[in-house]
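*Asks:* Can you read through this structure? Questions will come right after.
Throughout, read-outs are computed from the coordinates displayed, never taken from laboratory work. Computed from a prediction, not measured in an experiment: that's the story for all the values here. All Cβ positions, glycine included, derive from the backbone under ideal geometry; neighbour counts span all protein chains shown.
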Amino acid sequence: MFFNIVSNLSLINPFVRQVFPRVNLELAHWANYASSHACPELKEQALSSIEYKRFHCQGGSIYSLYWGVPTNDFIRLVVALQTISDYLDNLCDRTGITDEQAFRQLHLAMTDALDSAALPQDYYAFYPLKNDGGYLTTLVKTCQDELIKLPSYQLVKTELLKFARLYSDLQTYKHLDPRIRESKMINWIQRNHHDDQITDWEFAAATGSTLGMFMLCAAASDKNLTTSTVTQISAAYFPWINGLHILLDYFIDANEDLTNGDLNFVTYYTDQSQMLSHLTLFTEQALDQARTLSQPLFHKTVVQGLLAMYLSDPKTNSLKEQTVKKALLKKAGNYTTFMYLLCKLLRFLKKL
């Protein structure tokens with residue numbers, strides 16, 4: 001137990017002291033780029049995604065501390081890819097546009113970013129706003145430039161693109177007009193979901209995480225990576241670690257999404273008891289899967305960090321959310337509670 005605590009702390013210390021400042025520098029670079037190049041409407045969405053979704057880049061950059069990963073280069077990759085994700089989410093969610101063709105074309109940027117051979121496309125071809133001054137294309141090119149540095153990139157490319165395509169499908173359908181989005185999503189889920197262990201909506205949730213993509217890229221830093229290891233990583237992250245990530249995200253946003261009429265996956269549970277039961281299952285499975293991977297303590301810390309980061313959000317302070325929060329923290333163990341308290345401190349200090 002003492003060894004585990006020391007090892008976990010040896011990961012958290014550089015994460016907060018070294019990785020966070022580097023993430024902030026990268027985000028400042030992209031904010032400056034958008035401010036200098038994009039039209040007012042697209043600049044507003046770019047800057048908003050950076051300001052309000054910064055913690056996505058911070059969390060994803062934990063993978064820059066994976067064994068053998070060149071930290072600064074990898075932070076550049078994570079921030080660029082996550083910034084694409086967050087920016088496109090704003091374009092699909094915040095501008096009153098609900099055009100499927102426009103959303104699908106925009107999200108070609110996600111798959112192109114993870115395909116080093118892809119050529120730039122007109123991502124705004126069907127979107128009414130177009131002049132971003134090269135912001136999105138430059139983000140894509142930055143990802144590609146970092147990918148080609150990874151010695152085993154070709155070994156993870158197929159799985160990477162599979163995750164990215166599922167992610168892009170989800171983002172395309174979930175932002176459609178509420179009158180058609182559910183039927184569109186059900187048709188898409190039924191074509192792709194073949195796992196009886198999880199519900200249709202839990203499958204959809206798992207497609208919405210970028211963590212599996214980051215982990216595959218981190219693994220590709222190892223020149224001795226094998227296909228069996230890639231398969232093992234994919235099975236651990238999808239659906240379990242990815243799914244826990246997004247279900248927690250939707251758990252903390254449930255009330256807000258209900259007010260705004262936004263789709264929320266945890267609302268498909270029949271009641272709070274079923275929601276707690278399924279979140280507990282994902283917590284257990286994510287921790288179990290973490291133990292099967294190389295560097296299990298790293299992956300376990302990632303899972304514990306997810307729980308700590310999301311459950312420390314002030315949105316979980318109401319009585320209804322408190323019940324679920326306490327149960328999940330208890331299930332995840334004392335070290336997760338310690339990380340939860342640390343995240344609360346970081347939020348107080350405005351580091352998160």
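*Asks:* Among T142, T137, T226, rank each residue by its count of other Cβ atoms within 10 Å, from fewest to most, as a rough exposure measure.
*Replies:* By the 10 Å Cβ count, ascending, the order reads T226, T137, T142.
*Asks:* What residue among A206, L263, Y237 has its Cα farthest toward the positive end of the dipole of the stretch 152-352, where the charges are +1 on Lys, Arg and -1 on Asp, Glu, each on the Cβ?
*Replies:* Y237
*Asks:* Further question: Tell me, what HN-Hα J-couplings in whole Hz come from the Karplus equation 6.51 cos²θ - 1.76 cosθ + 1.60 at θ = phi - 60° for each residue of the stretch 271-277, using x for Gly and Pro?
*Replies:* Those phi angles translate into 7, 5, 5, 5, 4, 4, 4 Hz.
*Asks:* Another question about this same structure. Can you work out ³J(HN,Hα) from phi for every residue in the stretch 216-228, in order, using Karplus 6.51 cos²θ - 1.76 cosθ + 1.60 and θ = phi - 60°, giving whole Hz and x for Gly and Pro?
*Replies:* Coupling constants for the stretch 216-228: 4, 5, 4, 4, 5, 6, 8, 5, 9, 4, 10, 5, 5 Hz.
*Asks:* Starting from the Cα of V16, move 7 Å in the Cα-to-Cβ direction to define the label point; list residues of the stretch 312-326 whose amide nitrogen is under 16 Å from there.
*Replies:* 312-313
*Asks:* Counting only residues 5 or more places away or on other chains, whose amide H sits under 5 Å from the amide H of G68 once H atoms are built in the peptide plane?
*Replies:* Close amide H contacts, sequence-distant or interchain: none at all.
*Asks:* Apply the Karplus parameterisation 6.51 cos²θ - 1.76 cosθ + 1.60, with θ equal to phi minus 60°, to every residue of the stretch 336-352 and state each ³J(HN,Hα) to the nearest whole Hz, in sequence, with x for glycine and proline.
*Replies:* My calculation for the stretch 336-352 gives 5, 4, 4, 5, 4, 5, 5, 5, 4, 5, 4, 5, 4, 7, 6, 8, 10 Hz in order.
*Asks:* Rounded if a/c is under 1.5, else prolate if a/b is larger than b/c, else oblate: which is the chain, with a ≥ b ≥ c the root eigenvalues of its Cα gyration tensor?
*Replies:* Judged from the Cα gyration tensor, the chain comes out rounded (a/c under 1.5).
*Asks:* In what sequence do L147, L306 fall when counting other Cβ within 10 Å, fewest first?
*Replies:* L147, L306
*Asks:* Please compute the net charge surrounding E44, taking Lys and Arg as +1 and Asp and Glu as -1 over other residues with Cβ under 13 Å from its Cβ.
*Replies:* -1
*Asks:* Same structure again: Rounded if a/c is under 1.5, else prolate if a/b beats b/c, else oblate: with a ≥ b ≥ c from the C-alpha gyration tensor eigenvalues square-rooted, which is the stretch 11-149?
*Replies:* prolate
*Asks:* Between F338 and K315, take the C-beta separation as r, use R0 = 25 Å, and let me know the FRET efficiency to the nearest 0.05.
*Replies:* Taking R0 as 25 Å, the efficiency between F338 and K315 is 0.75.
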